[in-house]
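Contents: one structure, followed by commentary.
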Amino acid sequence: MYLVGTLEIVFNRPLTSEENIVQYIAQLIEFLNNDYLKRGARDPKEAATIKNYRIDESKIVLEIETGVKVRLDEASLRIRNVLASNLGRKYRLGIRSLLLRNPKVIIDGRTDVSIRIPIVKNIIQNENSTVIELVDLDESDIKKPLFLRFLRLLEEKEQRLKWGGKAEHWSLLKSSGIKISSPINVDPNKVLEDIGWIKRMSIGQWLYTPPLTHLLNALKKLFIDEVLKPLGFEEAIFPKMYPLEVGIKTGHLKGVINSMIFASLPKSFNISEFEDLIDYIYVMDEVSPEDLQKYLKPPSYFLCFAQCEPFYWFFENEILDDESLPIKWYDHSGPSYRWESGGIHGIERVIEFHRIEVVWLGKPEQVIEIRNELLNKYEYFMDKVLDLEWRMAWVTPWYYEQTGITQKVEMDIDRPGTIDFEAWLPYRGPRDDNKNWLEIGNISIHGTKFTESFRIKHNRGEILWTGCSGFGSERWLIALLAQKGLNPENWPKKFFEYVSASPFPRSIR
Ligand code: ATP
Ligand code: ZN
Ligand code: MG
Ligand code: MG
Ligand code: MG
């Protein structure tokens, strides 16, 4: 990707009046091209160059070409500053105005970009490149975040073209080793449905009867008692329906809008305005979604997706001091919703699922330490408490995956990133095929991704990071039942103890 444009700088009086000025400008352009416009980019191709220029009475017209490190906007301002300060000091020349004419972005390959963006004038698709023509920009336009965000969007699109086709990153960090000696070939999802412990209400959505609820609760309680409480995490209750602005700040609206579920308010609180619809339902005993839609406002909420969104929102614009840090909470007050399209299976991959979401906020070293403590506890939980066959891997961070950012994944576990926990599901097939493993949870540090977008600050200006970990309740239970079976005699001791702590609910025949 490169950018071109014509920069017109108008001075308060003619520049051609003195030969000295013309010569001095030539020197300044040389300095800009050889030095100042190259600063901040290792590769000169990523920096900026003045291809040629001409002086026209009180105007300088410069043709610039730039890469992505010193971009058109930055280059224009650097040129402006060098000319203004030097010509001002020496010849008392002042700049009247600055205009960037016909700015263009040229991208390798075919890229689509919305023509509705106000600064986009025209898009030309060539065989192997895309030229995006922008409107003329004055100094204040150049400084607006709109222009910067637009260029960032194009860079991300280019990155996606480069990396997007590639598979998700996955590198093994550790595994429990071979554990299960006599694998069970039964799909617990199927058994649970056959014995009537779960019933499907609609695609990817189930009712869990008391016996299954009892098992889910026992497992969640075990996790909270063995992992979260000893580490000092405290329970909070997060909302499960979020205003759209929250999804702009987390990035979900631009990353996974195709999997989000939205909610609408009614157009009116006055029930008489629904009379026509109500009469129809009364007599016809049916309602069509298209008909219903006429009575609803456009969606203004999205349903819980990552479950940690409210945590960042809560601290938005807040200033925290050392005494309140680190903050360590968890929430399991309600479901998450994802449109999973195909791929739905049993209670393993559903549209409405339940999870314990663990969140923390602190200085980078605190956030890393908490992640490490959790990691140890998770390992203990999988090995000693549940005796699972598991593995963990360094994967594409969820906050890239879900927010539309495409980037190469660095393999360094003390840097921001995501670790997935996976369990082998013997009913699916042999352990050496990756398809037969299920992601049951993960643990991440996000760096400043959310403290930046929600402007969460430290009182002495120190950097703050966040972390989160999702314990997918259905997934852990399925992993346990798939590996241990449905006979309580074969369940791990601690789990059995928790299940037996209160009377087992009756099944409905
Ligand atoms: P997958 O790779 O299986 O699609 P994910 O990476 O999209 O999962 P995350 O966004 O990391 O999932 O969510 C955290 C946890 O929530 C997962 O590790 C899993 O335990 C659980 N989870 C995610 N999606 C579902 C779903 N559709 N049904 C049940 N549990 C889910
Ligand atoms: Zn999270
Ligand atoms: Mg997923
Ligand atoms: Mg994940
Ligand atoms: Mg995943």
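The values are calculated or read from the model by the stated rules, or taken from the named source; none is laboratory data. Keep in mind the model is a prediction, meaning the values are calculated, not measured. Here the Cβ positions follow ideal geometry from the backbone for every residue, glycine too, while neighbour counts run over all protein chains shown. Accessible surface is based on the protein model in full, side chains and every heavy atom, while ligands, DNA and RNA are left aside. Shrake-Rupley method; radii C 1.70, N 1.55, O 1.52, S 1.80 Å.
Quote the charge dipole size of the chain about the Cα centre in Debye, to the nearest 20; the model charges only the Cβ of Lys and Arg (+1) and of Asp and Glu (-1). If you can, show how the numbers build up before the last one.
Working: 67 positive and 73 negative charges, 197 e Å.
Result for the chain is approximately 940 debye, rounded to the nearest 20.
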What is the helix-to-structure angle for 364-380, meaning the angle in degrees between its Cα long axis and the longest Cα principal axis of the chain, kept from 0 to 90 and rounded to the nearest 10? 30 degrees
Compare the peptides 128-135, 201-208 by average per-residue count of other Cβ atoms within 10 angstrom and give them in order, highest first. 128-135, 201-208
Which one, 479, 499, 447, is farthest towards the positive end of the dipole of the stretch 418-500 when Lys and Arg carry +1 and Asp and Glu -1 on their Cβ? 447
For the chain, the longest principal axis of the Cα atoms and the Cα long axis of helix 19-34 enclose an angle in degrees, to the nearest 10, of 20 degrees
Along the charge dipole of the stretch 422-509, which of 424, 456, 490 sits closest to the positive end, that is, farthest toward it, with unit charges on the beta carbon of Lys, Arg, Asp and Glu (+1, +1, -1, -1)? 456
Residue separation between residue 271 and residue 501 times 0.36 nm, minus their alpha-carbon distance, gives in nm 78.0 nm
Separation between the residue 316 and residue 401 pseudo-spin-labels, each 7 Å from Cα along Cα→Cβ, expressed in nm? 2.6 nm
Based solely on its DSSP helices, what 222 nm [θ] is calculated for the chain when runs of n ≥ 4 H residues each add -39,500 (n - 2.57) and the sum is averaged over all residues, nearest 500 deg cm²/dmol? -9000 deg cm²/dmol
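Can you give the accessible area per residue of the chain, in Å², using a 1.4 Å probe?
Details: 26110 Å² over 509 residues.
Computed with neighbouring chains in place, this is 51 Å² per residue.
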Calculate the FRET efficiency for residue 217 and residue 486 from the Cβ-Cβ distance with a Förster distance of 25 Å, rounded to the nearest 0.05. 0.90
Please sort 184-190, 275-281 by packing, taking for each peptide the average over its residues of neighbouring beta carbons within 10 angstrom, highest first. 184-190, 275-281
Using only Cα atoms and rounding to the nearest 10 degrees, what angle (0 to 90) does helix 210-223 make with the longest principal axis of the chain? 60 degrees
Please report, in debye to the nearest 20, how large the charge dipole of the stretch 222-299 is about its Cα centre when each Lys and Arg carries +1 at its beta carbon and each Asp and Glu carries -1 there. 580 debye
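Report the trypsin sites (Lys or Arg not before Pro) located in the stretch 386-428 that are in a DSSP loop and have at most 15 other Cβ atoms inside 10 Å of their Cβ, or state none. Walk me through the intermediate numbers first.
On the way: sites: 391, 408, 428; in loops: 408.
Those satisfying the criteria are 408.
State, as an integer percentage, the relative contact order of the chain based on alpha-carbon contacts under 8 Å between residues 6 or more apart. Can you show the working numbers first?
Details: 900 pairs, mean separation 78.6, N = 509.
Contact order relative to length: 15 percent.
What ranking, highest mean first, results for peptides 230-241, 480-491 when packing means the other Cβ atoms within 10 Å averaged over each residue?
Details: 230-241: 14.7, 480-491: 17.3.
Descending packing order for the listed peptides: 480-491, 230-241.
Leaving ligands, DNA and RNA out of it, report the carbon-plus-sulfur percent of the accessible area of the chain at a 1.4 Å probe. Show your work: numbers first, answer last.
On the way: 13280 of 26110 Å².
Carbon and sulfur: 51 percent of the exposed surface of the chain.
What is the calculated FRET efficiency for residue 279 to residue 205, with r their C-beta to C-beta distance and R₀ = 30 Å, to the nearest 0.05? Could the numbers behind the result be given before it?
Details: r = 30 Å, r/R0 = 1.00.
Between residue 279 and residue 205 the formula returns 0.50.
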Set the bar at 27 Å for Cα to Cα. Now go through 294/449; 143/249; 199/254; 221/457; 121/457 and name every pair that lies beyond it. 294/449; 199/254; 221/457; 121/457
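Going from most exposed to least, what order do 389, 46 have by accessible area with a 1.4 Å probe? If you can, show how the numbers build up before the last one.
On the way: 389 5, 46 55 Å².
Result, largest first: 46, 389.
At 0.36 nm per residue, and after removing the present C-alpha to C-alpha distance, how many nm does the segment from residue 235 to residue 254 gain when stretched out fully?
Numbers: separation 19, 0.36 × 19 = 6.84 nm, distance 2.99 nm.
Stretched out fully, the residue 235 to residue 254 stretch lengthens by 3.8 nm.
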Given the options 434, 360, 346, identify the residue whose Cα lies farthest towards the positive end of the charge dipole of the stretch 333-463 (+1 on Cβ of Lys, Arg; -1 on Cβ of Asp, Glu). 360
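Below 8 Å, C-alpha to C-alpha, sequence gap of six or more: please give me the relative contact order for the stretch 68-152 in percent. Can you show the working numbers first?
On the way: 90 pairs, mean separation 22.3, N = 85.
Once divided by the residue count of the stretch 68-152, the mean separation gives 26 percent.
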Rounding to the nearest 20 debye, state how big the charge dipole of the stretch 418-509 is about its Cα centre with +1 on each Lys and Arg Cβ and -1 on each Asp and Glu Cβ. 300 debye
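Rounded to two decimals, what is Rg over Rh for the chain when you use alpha-carbon atoms and the Kirkwood radius? Don't jump to the answer; show the numbers that get you there.
Working: Rg = 29.6 Å, Rh = 27.2 Å.
Ratio of gyration radius to Kirkwood radius for the chain: 1.09.
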If you keep only loop residues by DSSP, which GluC sites (Glu not before Pro) in the stretch 137-222 have at most 13 other Cβ atoms within 10 Å of their Cβ? 168
Quick one: order 496, 421 from most to least accessible surface, probe 1.4 Å. 496, 421
Given the stretch 229-353, what percent of its DSSP beta bridges are antiparallel, to the nearest 5? 80 percent
